[in-house]
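These notes are about the structure you will find just below.
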Amino acid sequence: MRRAFAPALLAAVLAACASRTAPPPSAPLPAPLVAPRITPGSLQAAPLLGDLPQRVSRLGGGPVAIVVSGPMAENERLGAFVEVPPDVCLLAYGRASPSLEDIDLAAFADEGNPVAVDEGPDPRPTLLLCPPHPARVYVAAHAASGEGLCVVAAQLVPRDRAAEIGRAAGARGSMSGPPRTPEAWPGLDDHVRAHRAKIGGTWEEQRRVAVSADARAVSAVAFSIEEGGCSDALVVPDDDVAAIDVDVLDGEGRLVARAKDGGPARSITICSPIAVSGSLQVRPHVGRGLVAVVVAKTKRDGARDLLTRPEVAWVAPAQPLDATRAARNALLAKAGYGPPASSQAGQLQLGRRATVPVDLPAGSCTRVDVVAGAPLALVEAAVWDDAGALLATGDGASDATLFACGKGKARVDLGARGRPGPFAVLTRAERWKDPAFAAHPLAAGRMLGRAAAGPTWIHEGAPASVKHAVVDAAHQYVHNTSVAAGQCLRVAIGAEGEGTGLEARIVDAVDGEELDRAHGQNAVSVRACAGAATRSVRLEVRASAGKLDVIVGERVVAR
């Protein structure tokens, strides 16, 4: 038994060992990977529009055009230009996939100013843009929340069908009645006249437009300010909208100024030492309808004629005080002024007044330059004599210049309304002298300030006559003079006394043509020029109410 079993057992063990040590069969090698297959094309965004294009077409709209489409992540933008014929409206709308929760839609003019905006919190923004409008607009969508697929489409709409199509599409700015021109507003001219009389100054109207307004969106028109000038906007709503907000934004979208609360109409007056190109944005709290926008501008230095204090689009100095002070001294030296008789420096804080004592020499007025260093902005200053009488006031975006015609000890009171920072007060003897200045120092200081030209406050040309007069609403100051060929006569008037308002006009003495007119609170300036021959002119000055002592200063400048 043992001999028979042993060989069999040994054979089984050997077979098992052989099976364990034999290598496994090798697996076949995988096939090499190939490049992925590319299929040209893009995501089909047109289905997101649904049946809206067909509904608009059935109501009289033109065929649909896809402005732009594609995937968007949060804060991304898509846009393209759309040409719009002058006599039709443009319906533009954006639609998005459910994952893109909120998109905004805007139409921009070529200069980048928004013409219409829908910022409602939904993924279905819709704009209706009717004449007057630019020849082409840049329509752009912005992903405010979420990410996904977006499409922007546009259709042309006849003006007589715009109201119905706008309601059907849920467009912002759609109107329930026929379009109106600003001239159709009852009493609009009366609104304009009353507003201009309230703010004073001399205004040149630039345009009147009717703008659609909607509580769910912002409407915008272009708004610019010339260097050293002022622009004014009067916004009068119709009966369908109420409680309107009016803001002015610069070209980079920063808020420059906001209209103050008041009656149904809103107004805003802005002056700037530099050119500003931006937009006036209107949005009612309630309703959907139209607003009339009347925009006007002043000539250069027009802020000095205003009866009310305007908003200032200010730019803070970017240089330190030493640099701005050296630049002012160099500029005045070039204009013929001597070195400063005194120079005092300090720091201005918001909400706190700083006082600088000065000595005013007899025999001439004193030029007081308040120079700012970075980051000081919106400076205001006043000069008082030792007895507490006001001699001069002034303000500016980054500096202020005053002309004080008293004598003896005085003080300069300073404040900052924009940002705090360093300042310097420089005093010099004023080069323009006359005995009448000492007799009526406040009127003389206002006249000298109004006669100074440009942001550097330099008196141009050569001084001519200086006169004192007493005027009221019933008694004018009248002066006939002549302007030599190729020259201009600039007349500045400053006032003091119990009266209010100052009006001046200069006319051609031969044919009565009005050459210039100005209306201000206490100082105005008018100008007349001659061509190839000498011109005779007539100056008229009067007070709006009460009695005023006025100093009338004339200077002759080259044309």
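The values are calculated or read from the model by the stated rules, or taken from the named source; none is laboratory data. Just so you know, these numbers come straight off a predicted model, no measurement behind them. Please note: Cβ atoms are built from the backbone with ideal geometry, for glycine as well, and neighbour counts cover all protein chains shown.
Would a scan of segment 449-464 turn up a residue that is farther than 24 Å from A327 by Cα and in a helix (DSSP H, G or I)?
Looking through segment 449-464, none of the residues is farther than 24 Å from A327 by Cα and in a helix (DSSP H, G or I).
One line per residue, one yes/no per condition, for (1) out of contact with any strand residue (DSSP E or B) (no Cβ under 7 Å at 6 or more places or on another chain); (2) not in a loop (DSSP other than H, G, I, E, B):
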position: L90; (1), (2): no, yes
position: G94; (1), (2): no, yes
position: E101; (1), (2): no, yes
position: L127; (1), (2): no, yes
position: P132; (1), (2): no, no
position: Y138; (1), (2): no, yes
position: H142; (1), (2): no, yes
position: S145; (1), (2): no, yes
position: R161; (1), (2): yes, yes
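Within segment 367-390, can one find any residue that is touching a Cys at 6+ places or on another chain (Cβ under 6 Å) and of a type in the set (A, V, I, L, M, F, W, C)?
No, segment 367-390 contains no residue that is touching a Cys at 6+ places or on another chain (Cβ under 6 Å) and of a type in the set (A, V, I, L, M, F, W, C).
Write out, first by first residue and then by second, each pair whose Cβ atoms fall under 6 Å of each other, whose residues are 6+ apart or on separate chains, and whose first residue, in segment 270-289, is outside the structural domain of D110 (by TED's automatic domain parsing) and buried (at least 20 other Cβ atoms within 10 Å of the Cβ) while the second is modelled with pLDDT of 85 or more and of a type in the set (F, W, Y).
If the second residue must be modelled with pLDDT of 85 or more and of a type in the set (F, W, Y), the pairs left are G278/F223; S279/F223; L280/F223.
If I filter segment 333-344 for residues that are in a strand (DSSP E or B) and under 24 Å from G418 (Cβ atoms), do I get at least one hit?
Yes, that holds for at least one residue.
Could you figure out which of (1) surrounded by 15 or more Cβ atoms within 10 Å (Cβ to Cβ); (2) under 17 Å from V552 (Cβ atoms); (3) of a type outside the set (D, E) isn't true of I458?
(2)
Could you pull out the residue among A443, A495, A439, A469 that is free of Cβ contacts under 8 Å to residues at least 40 places away in the same chain and either among the polar types (S, T, N, Q) or more than 22 Å from P340 (Cβ to Cβ) (or both)?
Of the residues listed, the single one that is free of Cβ contacts under 8 Å to residues at least 40 places away in the same chain and either among the polar types (S, T, N, Q) or more than 22 Å from P340 (Cβ to Cβ) (or both) is A439.
Go through segment 300-327 residue by residue and tally those that are touching an Asp or Glu at 6+ places or on another chain (Cβ under 9 Å) and either free of Cβ contacts under 8 Å to residues at least 24 places away in the same chain or surrounded by fewer than 20 Cβ atoms within 10 Å (Cβ to Cβ) (or both).
Residues flagged as touching an Asp or Glu at 6+ places or on another chain (Cβ under 9 Å) and either free of Cβ contacts under 8 Å to residues at least 24 places away in the same chain or surrounded by fewer than 20 Cβ atoms within 10 Å (Cβ to Cβ) (or both) within segment 300-327 amount to 2.
So W432 fits all but one of (1) in a loop (DSSP other than H, G, I, E, B); (2) farther than 21 Å from R309 by Cα; (3) within 35 Å of the chain's Cα centre (by Cα); what number is the exception?
Only one criterion in (1) in a loop (DSSP other than H, G, I, E, B); (2) farther than 21 Å from R309 by Cα; (3) within 35 Å of the chain's Cα centre (by Cα) is unmet by W432, namely (3).
Write out, first by first residue and then by second, each pair whose Cβ atoms fall under 9 Å of each other, whose residues are 6+ apart or on separate chains, and whose first residue, in segment 245-267, is over 15 Å from H285 (Cβ atoms) and free of Cβ contacts under 8 Å to residues at least 12 places away in the same chain while the second is buried (at least 17 other Cβ atoms within 10 Å of the Cβ) and hydroxyl-bearing (S, T, Y).
Every condition considered, the pairs that remain are G253/S279; K260/S267.
Could you check segment 141-154 and list, in sequence order, the residues that are within 32 Å of the chain's Cα centre (by Cα) and either surrounded by fewer than 21 Cβ atoms within 10 Å (Cβ to Cβ) or of a type outside the set (A, V, I, L, M, F, W, C) (or both)?
Correct list: H142, A144, S145.
Looking at this structure, is A96 touching a Pro at 6+ places or on another chain (Cβ under 7 Å), at pLDDT below 85 and of a type in the set (A, V, I, L, M, F, W, C)?
No: the conditions fail for A96.
If I filter segment 290-302 for residues that are closer than 30 Å to A451 by Cα, among the hydroxyl-bearing types (S, T, Y) and assigned to a strand (DSSP E or B), do I get at least one hit?
Yes; the residues of segment 290-302 include at least one that is closer than 30 Å to A451 by Cα, among the hydroxyl-bearing types (S, T, Y) and assigned to a strand (DSSP E or B).
Hey, V56 hits all of (1) among the hydrophobic types (A, V, I, L, M, F, W, C); (2) over 23 Å from A109 (Cβ atoms); (3) assigned to a strand (DSSP E or B) but one; which does it fall short on?
For V56, the failing item is (3).
Could you grab the pairs with beta carbons closer than 9 Å, sequence gap of 6+ or different chains, first residue in segment 178-202 and modelled with pLDDT under 85, second one loosely packed, with under 12 Cβ neighbours inside 10 Å and of a type in the set (S, T, N, Q)?
What qualifies is G200/T308.
On the given criteria, is A436 among the aliphatic types (A, V, I, L, M) and not assigned by TED's automatic domain parsing to the domain that holds D399?
Answer is yes for this residue.
Restricting attention to segment 370-409, report how many residues are of a type outside the set (S, T, Y), in a strand (DSSP E or B) and out of contact with any Phe, Trp or Tyr (no Cβ under 8 Å at 6 or more places or on another chain).
So the answer is 16.
So, S224, is that one assigned to a strand (DSSP E or B), within 26 Å of C130 (Cα to Cα), more than 18 Å from the chain's Cα centre (by Cα) and among the polar types (S, T, N, Q) or not?
No; evaluated as a whole, the condition is false for this residue.
Could you tell me which numbered condition A473 fails, if it satisfies all but one of (1) buried (at least 18 other Cβ atoms within 10 Å of the Cβ); (2) out of contact with any Phe, Trp or Tyr (no Cβ under 7 Å at 6 or more places or on another chain); (3) within 13 Å of A545 (Cα to Cα)?
Against the list (1) buried (at least 18 other Cβ atoms within 10 Å of the Cβ); (2) out of contact with any Phe, Trp or Tyr (no Cβ under 7 Å at 6 or more places or on another chain); (3) within 13 Å of A545 (Cα to Cα), A473 comes up short only on (1).
Taking segment 195-221 on its own, how many of its residues are basic (K, R) and not in a helix (DSSP H, G or I)?
3
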